[in-house]
1. At 0.36 nm per residue, minus the direct Cα-Cα distance, what do Asn295 and Asn343 gain on full extension? Give it in nm, one decimal, please.
2. Residues with amide H under 5 Å of Gln530's amide H, sequence separation 5 or more or different chain, H placed in the peptide plane at 1.01 Å from N; which?
3. Under the Karplus relation 6.51 cos²θ - 1.76 cosθ + 1.60, θ = phi - 60°, what is the ordered set of whole-Hz ³J(HN,Hα) values for segment 521-534, x standing for Gly and Pro?
4. Could you order the peptides 418-431, 494-507 from most to least packed, using the average number of other C-beta atoms within 10 Å per residue?
5. Hey, what's the per residue convex hull volume over the C-alpha atoms of segment 107-149, in cubic angstrom?
6. Set the Förster radius R0 to 22 Å, insert the Cβ-Cβ distance between Lys174 and Glu19 as r into 1/(1 + (r/R0)^6), and round the FRET efficiency to 0.05.
7. Per 0.36 nm of contour for each residue apart, how much would the distance between Ser444 and Lys374 grow if the chain were fully extended, relative to their Cα-Cα spacing?
8. So, with +1 on the Cβ of K and R and -1 on the Cβ of D and E, and no other charges, what is the size of the charge dipole of segment 3-248 about its Cα centre, to the nearest 20 debye?
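Bear in mind that the values in this text are calculations on the coordinates, not laboratory data. Quick caveat, the model's predicted, so the values are computed rather than measured. Ideal geometry is used to build each Cβ from the backbone, glycine not excepted, and the neighbour counts take in all protein chains shown.
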Amino acid sequence: MCGIVGTIGKTDTLPFLLEGLGRLEYRGYDSAGVAVLSGNEIQTRKAVGGVAQLVAEVEQNPLRGNPGISHTRWATHGGVTTENAHPHLDASGKLALVHNGVVENHKHLRDELIGRGHVFLSQTDTEVLAHLIGEAFDQNSDRNRSALLHAMQEALRHVRGTYAIAVIHADLGKFLAAARSGSPLVLGIGKEAQFIASDAAALDGWVQDIIYLKDQDIAALDGESFHLATVNGGTATAPKLRKIQVEARATGKGIFPHHMLKEIHEQPDTLREAMKGRLIPEESTARFTGLHRTNEQLRDLKRIILTGCGTTFHAALAGEYMIESLSRIPVECDYASEFRYRNAPLDPETAVFAMSQSGETADTLAALRESKRKGALTLGICNNVFSTISRESDGGIGLRAGVEIGVAATKTFTSELVILAMLGLILGRIRDLSQADAAEIIESLERLPDLVARTLERDALIADIAAKYAKTRNFLFMGRQANFPIALEGALKMKEITYIASSGHPSAELKHGIIALINEETPTIVLAPQDDVFEKNVSNIEEIKARRGPVIAIGTEGDNTLASLCDEAILLPAAPGFLSPFLNSIALQLLAYHTAVALGCNVDKPRNLAKSVTVE
Ligand code: F6R
């Protein structure tokens, strides 16, 4: 949520401030802004919309300067306006600040500042931070760089919430200060210039050496050297310099009109990549070296908790079915936002898997930290293996899905599913799963990428169905067993990118209330593969049809029942039961995508969303 970048060096900062910011747009794209020190005054430019709008604004009203900071916003406090766009200035107009995070006690702090004569120009919590730091700085007669660092320490001590901030001041020349608590921040240390960014992706190509700041760190940069301190005045732990390793970024869309469609079509490859070198057919098991756990240690586990948010939580729910059936270890799934406050009993025989595509989701990170505090084994499942969750876990598994640019998660969802299937396999093989049963699972997993490729061949058929139902106001999604979470995920995808009210349910819950929603205008998507609950799904379809509800069934090739019973039937390749969630989820991704296209929605940047949710 919100992306910040900053730089200080020998030359003009604008090229980096705009390019780096563009790479962080996945974090928010409501509005954007930039501030630079030009001569001895701060100059800002802001625009509502994405970085392209800011670039246009800068082209119309050019500015040059050094140091500089910039920001792409996902609104938390105050509407999407240029006044609320960052950077924000303090009362003197000499201090500019960008912020990612949420100041929870901003109202209290704002009221106190107003009581002391401060006037605010925006509704943001960020402007409060700028005024608070500016006031502390102005009260210090020294007015030098140390005074700004002290002012930040003094002000941030009163702040409850999360922040990654960068600050420049008109009186301090070549000086840029930054601090973090709860929101990610990385430093780039170059010979000619230094940088800060919310994500190393912004620094790729600009700098080789990076440092991930720790919570409570304050960094002071002067373009040639840097110094670290902490918010509470203590000494910062020695920084660890790393080489930047941003995953190969597929920046282009190739032959596809949208990143989302490209990413949906990448799934045969991303699934292959997730399994590469990890399946061990000769031992009928799998291996994740990043878990750093021996079989003996894994055998001691008595309970598994899978926690995450949104799409990732749906993958966890599907994983619960897979892991329990393969390993017989009890699995619980919890929304990270609930788990962090649930006060769940935890012990060293419990493994908590903090799952997150981005590895930066605030709730999931908090759940991880809470689990660690209580002595559970904490393991990460992330796509970004350099993320905070990856770094803070006792061990972890990378998704290897490559960068996902479309805001709606697609390929990372199926990568999470396949990782959880392999995890079930590993845990099963050190308990009761027979070599023969495991060998069959491995064989099926090896066929998965081809089955997915064949599922993608239904693209045109699904596009036709999507166009036909695009004007729908409500969709229902139904599935049983591991396909129930897939129904939840199908509904989430649909509402995220089409804004059509959609809800997912276990099919058997139909008669417990949901049936009241059935009418001629409410299509139900029923996941009904040929499996041991097929007949039960058919009964549900009959119940819906008896009330004249349109049904779009997703079944299995060769099925003769669904086409005659339902309004639409999308038949996917025959696959072993535990693979049907993969194939069904791809069909539902395509259905949501084509519906959004038919409606003319902004598929890759749906309204109100951001790719990485780093605020609570
Ligand atoms: C849905 C989506 C979100 C994320 C959720 C968790 O398309 O992208 O629901 O799944 O915000 O994000 P991560 O996995 O990065 O923790």
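1. Contour length minus the Cα-Cα distance gives 14.4 nm.
2. Excluding prolines and chain starts, which carry no amide H, the hits are Thr556.
3. 9, 10, x, 10, 9, 10, 8, 9, x, 6, 9, 6, 10, 4
4. 418-431, 494-507
5. 73 Å³
6. About 0.55, to the nearest 0.05.
7. Length gained between Ser444 and Lys374: 21.4 nm.
8. Once rounded to the nearest 20, the dipole reads 340 debye.
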